[in-house]
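Here the structure comes first, spelled out in structure tokens, and everything after it is commentary.
Every number in this text was worked out from the coordinates using simple rules, so none of it is lab data. Model, not experiment: these values are computed from the prediction. Note that each Cβ is placed from the backbone with ideal geometry, even for glycine, and that neighbours are counted across all protein chains shown.
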Amino acid sequence: MSRRQEQGVISQQSTATASDLLRDLFVATRTESVARAAPLSDAEATIQSMPDASPAKWHLAHTSWFLETFVLRDFVKGYAPFDPAYAYLFNSYYDAEGDRHARPRRGMLARPALDEILAYRAHVDTAVIAAWPTLPPVARNLIELGCHHEAQHQELLLTDILHAFAQNPLEPALWTLPPARRPSAAVAAPGWVAGPTGIVGIGHGGQGFVFDCEGPRHKVWLNPHAVADRLVTNAEWQAFIDGGGYRRSELWLSDGWAWVQAEEIAAPLYWHGGTAFGLHGRQPRDPAACVRHIGFYEADAYARWAEARLPTEFEWEASAAALPDAFGEVWQWTASAYLPYPGFRIAEGAVGEYNGKFMSGQMVLRGSSFATPDGTSRITTRNFFPPTARWQFSGLRLAKDL
Ligand SMILES: [Fe+2]
């Protein structure tokens, strides 16, 4: 049973069984983070390549701080923090939790060393498991949130170390095995999946874990439209470049055109010649593979060049069940701004800062990528990044009006 299936079942089982499933999820999640960082030296886990990216060591510590703060501190009587200084070092953006180390300077934290952070993780894990029988339901809900929070950081750990390695002229490979190569035969033109027209239900309205921004479920009107049945490929993106895509102002939103010129952008991030840099180092590009490491402005310009458009997040959700590559390849930019659904309320307390306060200036991506932990993305999941963000595993599929 996949973790995704397990989560759907949790709420339908007896309390004892639900507790066991959650504990399994907790152990698997905590193990996966350490496994993802296992190839890294202390130095590699410490470096930070830009303000938006965090060191691997920081990801490992911050996800532990989240559990230590919102579960152990708040629900375990007499719990003593592993190190009182860590709350300042590893709080990300929770204003309710006080001052914190500046985000752009996370890479300055040569100490605590990686070994100490791994000891911190073990300390938190032991304390959570020891407290398990006495934790109230609200604390277990926070552990579940902590697991899904950590899953998000597991993907960020990979996108951030990739960006850091890309700054190194040696272009190190995180993973030593060559990537599984897809057939490089030309891919047929995409087919079109006609989506539902009229009033459709959007967002989460059932049982099982979701982030708060995935609801409330509500109704949206969809005009006649279709969504492409596959993602845009590297070969298609090369045709966009060859057709002057990055040099034709008429294809771009005004902000995007200014960005392309100011940053001298002419290809997806990590492209050079016929190669692309990735977690396996620099490799020849597979023309049939889906394009990745593009920002929203690029996705929007490509869609205009292709005489199509990006799907709204509602069109994406309404058709996702019919799309074979909706999940597990790349996150897909949509035409939708990251906004609250009707009836959305920010929860009280520090955990209420998780999503709601970021609903400004960001665009929604749907689906999941190859680096998203199994079962942690749903048909209602809303990822979000600023329109210039390119270091995520982000691509696109097209849509059109009918
Ligand atoms: Fe976080």
Subject >> Built amide H within the under 5 Å cut-off of GLY245, gap 5+ >> reply: none
**OP:** Work out Dmax and Rg for the stretch 112-157 from the C-alpha atoms and quote the Rg first, both in angstrom.
**Re:** 12.5, 35
Subject >> ³J(HN,Hα), Karplus 6.51/-1.76/1.60, whole Hz, each residue of the stretch 382-393, x for Gly, Pro >> reply: 10, 8, 8, 8, x, x, 9, 5, 10, 8, 7, 7
Original post:
So in the stretch 192-401, what percent of DSSP beta bridges are antiparallel if you round to the nearest 5?
Top reply: 90
**OP:** Determine ³J(HN,Hα), in whole Hz, for all residues of the stretch 27-40 in sequence, where each value follows from phi through the Karplus function 6.51 cos²θ - 1.76 cosθ + 1.60 and θ = phi - 60°; x replaces Gly and Pro.
**Re:** 5, 5, 5, 5, 5, 5, 4, 5, 5, 5, 8, 4, x, 8
Original post:
Summing Lys, Arg as +1 and Asp, Glu as -1, what charge do residues with Cβ under 14 Å from the Cβ of PHE90 carry, PHE90 excluded?
Top reply: +2
Original post:
Once you charge only the Cβ atoms, +1 for Lys and Arg and -1 for Asp and Glu, what is the size of the charge dipole of the stretch 209-279 about its Cα centre, to the nearest 20 debye?
Top reply: 220
Original post:
So what are the stretch 192-401's ellipsoid semi-axes, whole angstrom, largest first, if each one is the square root of 5 times an eigenvalue of the alpha-carbon gyration tensor?
Top reply: 29, 19, 17
Subject >> Computed helical MRE - 222 nm, the chain, DSSP H runs ≥ 4 contributing -39500 (n - 2.57), nearest 500 >> reply: -10500 deg cm²/dmol
**OP:** Name the residue farthest towards the positive end of the dipole of the chain from the options PHE209, ALA45, ALA194, assuming +1 on Cβ of Lys and Arg, -1 on Cβ of Asp and Glu, about the Cα centre.
**Re:** ALA194
**OP:** Return a whole-number percent for the relative contact order of the stretch 3-166, with Cα pairs under 8 Å and 6 or more residues apart as the contact set.
**Re:** 35
Original post:
Where does each of THR197, THR63 land when they are ranked from fewest to most other beta-carbon atoms within 10 angstrom?
Top reply: THR197, THR63
Subject >> Formal net charge of residues neighbouring PHE277 (Cβ-Cβ distance under 15 Å; K, R +1; D, E -1) >> reply: +1
Original post:
Taking a spot 7 Å from the Cα of THR197 along the direction of its beta carbon, which residues of the stretch 217-250 have an amide N less than 15 Å from it?
Top reply: 221-227
Original post:
Any idea how far the Cα center of the stretch 377-402 sits from the one of the stretch 193-228, in Å?
Top reply: 15
Original post:
Quick one: Cα convex hull volume of the stretch 13-59, Å³ per residue?
Top reply: 83
Original post:
Taking a quarter of the surface of the Cα convex hull of the stretch 104-228, what do you get in nm²?
Top reply: 14.8
**OP:** Give the relative contact order (percent, whole number) for the chain; include only Cα pairs under 8 Å separated by 6+ residues.
**Re:** 19
Subject >> Fully extended contour minus Cα-Cα distance, from ALA322 to ALA110, at 0.36 nm per residue >> reply: 71.5 nm
**OP:** Please list the non-local residues whose amide H lies under 5 Å from the amide H of ARG230, H modeled 1.01 Å from N, same-chain partners needing a gap of 5 or more.
**Re:** GLY191
Original post:
For the residue pair ALA288 and ALA96, what label-to-label distance in nm results when each label sits 7 Å from Cα along the Cα-to-beta-carbon direction?
Top reply: 5.1
Original post:
In square nanometres, what is the average projected area of the Cα convex hull of the stretch 3-166?
Top reply: 9.5
**OP:** Return the Rg/Rh value of the chain, two decimal places, where both radii are evaluated on C-alpha atoms and Rh is the Kirkwood radius.
**Re:** 0.96
Subject >> the stretch 180-313 shape via C-alpha gyration tensor axes, a/c threshold 1.5 >> reply: prolate
**OP:** For the stretch 296-402, give the share of DSSP beta bridges that are antiparallel, in percent and rounded to the nearest 5; count only bridges with both residues there.
**Re:** 70
Subject >> Charged-residue dipole, Cβ positions (Lys, Arg, Asp, Glu), the chain about Cα centre, Debye nearest 20 >> reply: 280
